[in-house]
Amino acid sequence: MTLTHTIASETVAYGGLPSAVLHLEIDPAEHARRQAAGIGAVTGYSFGGLATLGTLPADLPVPLAALTPAQRDYVSQVPAGICTVSRGHVTRHAIKACRVTLAELTVPTLGQLAFNAADRYRQFTGSAVRIARRRPRTDDCLHRFVRAGIGVFLSNDGRTVTLARPRPCPRVTPES
């Protein structure tokens with residue numbers, strides 16, 4: 001079971017646009033596992049740490065000899081709730097506790113600035129823009145967002161109309 005939450009980011013988006021609203025799917029089982037293990041957010045703990053974790057399969061032992069010296073150093077330092085080193089093997093326990101499913105920006109119009117800002121989020125997650133005006137004057141501009149997979153929502157009088165549905169991110173990597 002996953003829970004869906006929406007949070008507002010605290011950073012200003014690209015190009016001076018308002019902050020993005022991030023839509024998340026949260027894995028309650030992973031949160032409970034981390035709480036029982038006494039750990040919270042899994043961060044890098046050192047340079048390249050998250051990339052190292054991303055290369056290890058979940059809950060399958062990997063020989064330490066298969067890792068680089070830097071990777072071996074990293075896995076030997078992290079808390080046991082993240083991964084365990086035993087008998088010459090490392091086993092990763094931590095998985096993603098949440099996944100960003102959509103970054104939504106509120107913009108005044110469907111212009112180049114809005115497109116560029118929303119497009120930058122596409123390397124990490126689906127993206128959409130919300131405009132609070134009448135339908136865009138030109139369909140050409142709307143078609144550009146549709147072709148890129150960027151969603152377009154129109155908010156007016158407390159109602160939301162979907163002009164274009166956002167498509168999922170083309171690819172997600174451990175680095176993103």
Next on the checklist: Quick check: pseudo-label points 7 Å beyond the Cα along Cα→Cβ at ASN116 and VAL85, how many nm apart are they?
Outcome noted: 4.6
Checklist entry - Extension gain ALA65-GLN123, at 0.36 nm per residue separation less the Cα-Cα distance, in nm? => result 17.6 nm
Next on the checklist: Could you give the length gained by full extension between VAL21 and ARG33, i.e. 0.36 nm per residue of separation minus their alpha carbon distance, to one decimal place?
Outcome noted: 1.6 nm
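Only the coordinates and a few stated rules stand behind these numbers; no lab work does. Computed from a prediction, not measured in an experiment: that's the story for all the values here. Note that we place each Cβ from the backbone using ideal geometry, even for glycine, and neighbour counts take in every protein chain shown.
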